[in-house]
Structure formats: structure tokens, C-alpha cells
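The values are calculated or read from the model by the stated rules, or taken from the named source; none is laboratory data. Note that the structure is a prediction, hence the values are computed from the model and not measured. Cβ sites come from the backbone with ideal geometry, for glycine too, and all protein chains shown count toward neighbours. These accessible areas exclude ligands, DNA and RNA; they are computed on the full protein's heavy atoms, side chains included. Shrake-Rupley method; radii C 1.70, N 1.55, O 1.52, S 1.80 Å.
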Amino acid sequence: AEVTRLQVERLQFELATVRDELSRRVAAAAESADAMLSNAAGALNMLEAETHAARGSTAALRAAHAELAGLKQDLEKEAAARQAVEKERDKARDKLGAAQAQVQSLAQRLAGMEAL
């Protein structure tokens with residue numbers, strides 16, 4: 001009976017030691033899980049912030065693209081207007097050349113008439 005009692009006490013001691021070790025491991029695992037959850041929450045917050053920034057960047061890019069398209073249209077209009085002005089200038093130069101030739105011709109005729 002004494003041997004059995006000693007074996008029971010030894011087993012109870014071993015059981016208490018195993019329970020303590022198990023409790024420590026469970027606590028460590030819980031702390032590790034909490035740290036992992038905290039890290040995951042931080043990473044999620046970073047991803048949400050990056051998503052928000054990307055959406056803002058996308059909106060800014062769309063606005064810039066729309067502005068660029070508007071500027072391109074303005075440039076095309078300005079180019080067409082410039083071509084029209086250049087055509088008018090060329091016509092005016094042609095008229096000026098013809099008028100100068102006519103003036104020169106009239107001046108020569110006048111000089112010829114004066115010489116008579």
C-alpha cells in the first residue's frame with residue numbers, strides 16, 4: 001500500500017508538472033496568436049491605406065487624362081486656326097504682290113507717257 005501511495009504521489013506530481021507545462025505552452029501559444037492577429041490587423045490597415053491611396057491616384061490620373069484630352073482638343077483647334085490665318089496671310093501676300101506689280105506697271109506707263 002505504501003508503494004502504491006508513493007506511486008500515486010509521484011504520478012500526481014508528474015501530472016501537476018505536465019499541467020503546468022501545458023498551461024505555459026497554452027499561454028505562450030495564446031500570446032503568439034495575439035501577436036499574429038495584431039500583425040495581421042496592422043497589415044490589413046496598411047493594405048486599406050494603400051488601396052485608398054491607389055484609388056486617389058487613379059482618380060488623379062483620370063482627371064489628368066481628361067485635362068490632357070481637353071488640351072489636345074484645344075491644340076487641334078489652335079492648329080486649325082493657325083492654318084486658316086496662314087492661308088489668309090498667303091492670299092494677302094499674293095494680292096500685295098499683284099498690287100505691287102500693277103503699281104510698277106502703272107509707274108512704267110506713266111514714265112513712258114512723261115517721256116513723250
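Once you compute Rg and the Kirkwood Rh from C-alpha atoms, what is the Rg to Rh ratio for the chain?
1.96
Could you work out how much longer the chain between residue 30 and residue 65 gets when fully extended? Use 0.36 nm per residue separation minus the Cα distance between them, nm to one decimal.
Between residue 30 and residue 65, full extension yields an extra 7.5 nm.
May I ask for the net charge around residue 56, where only other residues with Cβ less than 14 Å from the Cβ of residue 56 are counted and Lys, Arg are +1 while Asp, Glu are -1?
Around residue 56, the surrounding residues sum to 0.
Running a GNM on the chain with Cα contacts under 10 Å, which residue among 71, 22, 44 ends up with the highest mean-square fluctuation?
22
With every protein chain kept in place and ligands, DNA and RNA left out, what is the accessible area per residue of the chain? Probe 1.4 Å, answer in Å².
Per-residue accessible area for the chain comes out at 91 Å².
Could you give each residue of region 29-34 its phi-based ³J(HN,Hα) in whole Hz, using Karplus coefficients 6.51, -1.76, 1.60 with θ = phi - 60°, and x for Gly or Pro?
Whole-Hz 3J(HN,Hα) from phi for region 29-34: 5, 5, 5, 5, 5, 4.
Using a probe of 1.4 angstrom, how much of the accessible area of the chain is carbon and sulfur, in percent? Let's see the in-between values first.
Values: 6470 of 10570 Å².
C and S atoms contribute 61 percent here.
Given R₀ = 25 Å, FRET efficiency for residue 104-residue 83 by Cβ-Cβ distance, to 0.05?
0.20
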